[in-house]
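Just below is one structure, and these are the notes that go with it.
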Amino acid sequence: MADVLVVAEAAEGKLKKTTHSAVTFARQAAAALGGTYSILVIGSGVDAAATEAATLGAAKVLVAQDGSLGVYLAERYAPVVAEVAKARGIAVVVGTASGYGKDLLPRVAARLDAGYASDITGLVTEGSSLKYRRPMFAGNAFGLCSVATPIQVVSVRQSAFAAADASGAQSPVEQVAVARPGAAAERVEFVSFDQVKSTRPELAEAKVVVSGGRALKEKFNQVIDPLADVLGAAVGASRAACDAGYAPGDLQVGQTGKIVAPQLYVAVGISGAIQHLAGMKGSKVIVAINKDADAPIFQVADYGLVADLFTAVPELTKQIQASRG
Amino acid sequence: MKILVALKRVADPDNANKVKIPPSGDRIDTAGLEWKPNPFDEYALEAALRLTEDGKAPKARAGEVVVVTFGPKETEQTLRAALATGADRAIRVDVTDDKLDGALVARALKALVEREKPDVVLMGKQAVDGDSNQVGQSLAELLDWPMATFAATIQEEQGALLVGREVDGGVAVLRVRLPAVVTVDLRIVAPTSVYSLKTARTHKYNDGVRFAALPAIMASKKKPLAEVKLADLTADSGLKVQYHGFEPPPARKAGIKVKDVADLVARLKNEAKVL
Ligand SMILES: Cc1cc2nc3c(=O)[nH]c(=O)nc-3n(C[C@H](O)[C@H](O)[C@H](O)COP(=O)(O)OP(=O)(O)OC[C@H]3O[C@@H](n4cnc5c(N)ncnc54)[C@H](O)[C@@H]3O)c2cc1C
Ligand SMILES: Nc1ncnc2c1ncn2[C@@H]1O[C@H](COP(=O)(O)O)[C@@H](O)[C@H]1O
């Protein structure tokens, strides 16, 4: 048996787009292994998410529903994933390296006594052997690794695996038993979720990202938002801009924030520290606007504009608008 | 409160673009780069110090902070530096990086936790050389302990920690009853991020980690530093993840500087075709 299990991510009853990247991996891995892939949806009130998952070409959609799974807690979800993987003789468990996947999957791996290859950007197959390419040292080196345990656990970088599209067929949906959690689950309690609401596209999925740095100060939104609006872009930020409170923390792009690889990335008033580059170097076209001609961001930019951002960005916004008539 | 902090030394992360990969591709060469503590682990240590003190009198430690590293003899320097900033005791598990993977570190840490019986294990969310982001979560599972990963705030409560976690789309707050594992994110060292029961909520820390004063550096030489053999912690020293080779990242071709905004718009439209 050499089947793949995709751990879906659901929020507010709906399937998150992160899931589709893991499915893309699963299609490649299952093909190499000569097996099939299933998608596991966990939660409470996740029928809609399961129905959506059923469009993604899986052999089965497995649903673990229980009141105790209504809010995500790794201590409760990990046993569910591990139990399904064991019971069904799964060879590879995969999820996406979103905040959710990064929290959950290493716990799953430990529970299964499995090796874990995290945040991979490529799958290299040779017959039925799977090797994983993963970035290290803030993306300054890539390692090719394999996992030596009977069950392997993998998380994929969302920007490196294109979202799978619907297959046409409907997968059968099957309810599965919910494994009993360990003692850890009794000692953790969800208190609250302070959500940053935004009507913009999600950073990791956007085709265009406009990011601002420390230089923007209190004018962050005043300068960045209009440009993002004309470009239909997601807004990102450097760590310095987040730390100073000019932008919310979850917009941070970089080694320790979100990894993005849009068609167009515009870096405004960002110096280009190595940790920032790690999060956006994979973008197709990079534009940098910085008043310092020697700023390291220009080393990765396809188009660099040496200018004061406070005049250049409003001008750019105006001209893009005009060019579109 | 007794806290165990896992601390790894890494090749200078601010110069990670200077790592080299030999043509054979058999390793990542960090020669010439200085060793630094993994920044997230430094933050974990700072959080541990804040949790075991009254912010006003940081020298009177309310509890114990034990730092542990897995590494060769030279990593004792990293441990000494941690002792100088305020940790009470250090443990070095003798092993080299190439003989470790995240699962093995977690396995060995579990045995160490069973010996040391800390109330909290604090560590960085990821080591910025391997960028794996797994040891904390794996350790929590092996111990069957609750965890709070990617912590941006920690507030001590009676027998518990209230932790604000950086997640996609905002901040999620968890309460974990002790003992527990907490992994920290960048903003844990902001001025109002960590409070022990003793520290007044009005207290503001300096932004970032504290530095050791010269007398403390001298005094740290007398603090206990123990060496432990990996084999004493786990009989199974096998690696679950094996590396077969390394490559440099794909090179980006050099870009150009545009004349002005009009030039930029024209090129984005006609050349790059992204508008
Ligand atoms: C463990 C660790 C993890 C990290 N992770 C991340 C991460 O994930 N993401 C991240 O971004 N950073 C990260 N960092 C921080 C990183 O090292 C840098 O400190 C940060 O990216 C700098 O942000 P910045 O470019 O906005 O600020 P600065 O470095 O201060 O740069 C500001 C830039 O604005 C330019 N400027 C100023 N005024 C103007 C003007 N009027 N017009 C045009 N240009 C102007 C300046 O020339 C300068 O280049 C991390 C650091 C550590 C230690
Ligand atoms: N060799 C090591 N010595 C001490 N701590 C380590 C070591 N490797 C990993 N850790 C700890 O585990 C955390 C996560 O590391 P990783 O899962 O490798 O990204 C780090 O921030 C450290 O606190």
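The values are calculated or read from the model by the stated rules, or taken from the named source; none is laboratory data. Fair warning: this is a prediction, and the values are worked out from it, not measured in the lab. Glycine gets a Cβ as well: all are built from the backbone with ideal geometry, and neighbour counts include every protein chain shown. These accessible areas exclude ligands, DNA and RNA; they are computed on the full protein's heavy atoms, side chains included. Shrake-Rupley method; radii C 1.70, N 1.55, O 1.52, S 1.80 Å.
Residue by residue through the stretch A:234-264, note down the ones that are among the small types (Gly, Ala, Ser) and either under 17 Å from the mean Cα position of the chain (by Cα) or open to solvent by 30 Å² or more (accessible area, probe 1.4 Å) (or both). A:ALA234, A:GLY236, A:ALA237, A:ALA244, A:GLY245, A:GLY249, A:GLY254, A:GLY257, A:ALA261 - these are the residues of the stretch A:234-264 that are among the small types (Gly, Ala, Ser) and either under 17 Å from the mean Cα position of the chain (by Cα) or open to solvent by 30 Å² or more (accessible area, probe 1.4 Å) (or both).
Of the residues making up the stretch A:179-192, those that are open to solvent by 80 Å² or more (accessible area, probe 1.4 Å) and touching a residue at least 24 places away in the same chain (Cβ under 8 Å) number 1.
Results for (1) more than 13 Å from chain A (Cβ to nearest Cβ); (2) farther than 24 Å from A:ARG111 by Cα; (3) outside any loop (DSSP other than H, G, I, E, B), shown as yes or no for each residue.
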site	(1), (2), (3)
B:ALA81	yes, yes, yes
B:ALA90	yes, yes, yes
B:GLU114	yes, no, yes
B:GLY130	no, no, no
B:THR149	no, no, yes
B:GLU156	yes, yes, yes
B:ARG165	no, no, yes
B:VAL171	no, yes, yes
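For A:SER128, the conditions (1) of a type outside the set (Val, Ile, Thr); (2) without any contact (Cβ under 8 Å) to a residue 60 or more places away in the chain; (3) surrounded by fewer than 20 Cβ atoms within 10 Å (Cβ to Cβ) all hold with the exception of (2).
If you take the residues of the stretch B:223-253 that are touching an Asp or Glu at 6+ places or on another chain (Cβ under 9 Å) and at pLDDT below 95, which of them is most open to solvent (accessible area, probe 1.4 Å)? Ranking the candidates gives B:LYS253 first.
Restricting A:LEU264, A:LEU305 to residues that are facing chain B (nearest Cβ under 9 Å), within 17 Å of B:LEU268 (Cα to Cα) and in contact (Cβ under 8 Å) with a residue 24 or more places away in the chain narrows the list to A:LEU264.
When the stretch B:34-57 is limited to residues that are more than 14 Å from chain A (Cβ to nearest Cβ) and assigned to a loop (DSSP other than H, G, I, E, B), the one that is nearest to A:LYS281 (Cα to Cα) turns out to be B:GLU34.
The numbered conditions (1) open to solvent by 10 Å² or more (accessible area, probe 1.4 Å); (2) more than 11 Å from every other protein chain (Cβ to nearest Cβ); (3) in a loop (DSSP other than H, G, I, E, B) are all true for A:LYS219 except (3).
In the stretch B:173-194, how many are outside any loop (DSSP other than H, G, I, E, B) and not charged (D, E, K, R)?
12
In this structure, does B:ASP236 turn out to be assigned to a loop (DSSP other than H, G, I, E, B), farther than 30 Å from A:ASP292 by Cα and of a type in the set (Asp, Glu)? Give the steps one after another, and end with the answer.
Details: assigned to a loop (DSSP other than H, G, I, E, B): yes; farther than 30 Å from A:ASP292 by Cα: yes; of a type in the set (Asp, Glu): yes.
In short, yes.
The single condition among (1) more than 13 Å from ligand 2 (Cβ to nearest atom); (2) part of a helix (DSSP H, G or I); (3) aliphatic (A, V, I, L, M) that B:ALA31 does not meet is (2). Sort out which residues of the stretch A:86-101 are in contact with a helix residue (DSSP H, G or I) (Cβ under 8 Å, 6 or more places away or on another chain) and within 14 Å of chain B (Cβ to nearest Cβ), and write them in order of number. Once the filter is applied, which keeps residues that are in contact with a helix residue (DSSP H, G or I) (Cβ under 8 Å, 6 or more places away or on another chain) and within 14 Å of chain B (Cβ to nearest Cβ), the stretch A:86-101 yields A:VAL92, A:VAL93, A:GLY95, A:THR96, A:ALA97, A:SER98, A:TYR100, A:GLY101. When restricted to residues that are under 25 Å from B:ASP12 (Cα atoms) and crowded, with 21+ Cβ neighbours inside 10 Å, the stretch A:282-294 contains 1.
Find the helices (runs of 4 or more DSSP H) located wholly in the stretch A:1-114 whose residues include 1 or more that are open to solvent by less than 20 Å² (accessible area, probe 1.4 Å) and at positive phi, and list them.
Working: elements: A:18-33, A:47-53, A:74-87, A:99-112.
Per the criteria, no element qualifies.
Being open to solvent by less than 10 Å² (accessible area, probe 1.4 Å) and more than 10 Å from ligand 2 (Cβ to nearest atom) narrows it down to one residue among B:LEU142, B:LEU83; which is it?
B:LEU83
Kindly check whether there is at least one residue in the stretch B:108-126 that is surrounded by fewer than 24 Cβ atoms within 10 Å (Cβ to Cβ) and within 10 Å of ligand 2 (Cβ to nearest atom). Within the stretch B:108-126, not a single residue is surrounded by fewer than 24 Cβ atoms within 10 Å (Cβ to Cβ) and within 10 Å of ligand 2 (Cβ to nearest atom).
For the stretch B:69-79, a residue qualifies if it is part of a helix (DSSP H, G or I) and either over 12 Å from B:PRO37 (Cβ atoms) or out of contact with any strand residue (DSSP E or B) (no Cβ under 6 Å at 6 or more places or on another chain) (or both), and the qualifying residues are B:LYS73, B:GLU74, B:GLU76, B:GLN77.
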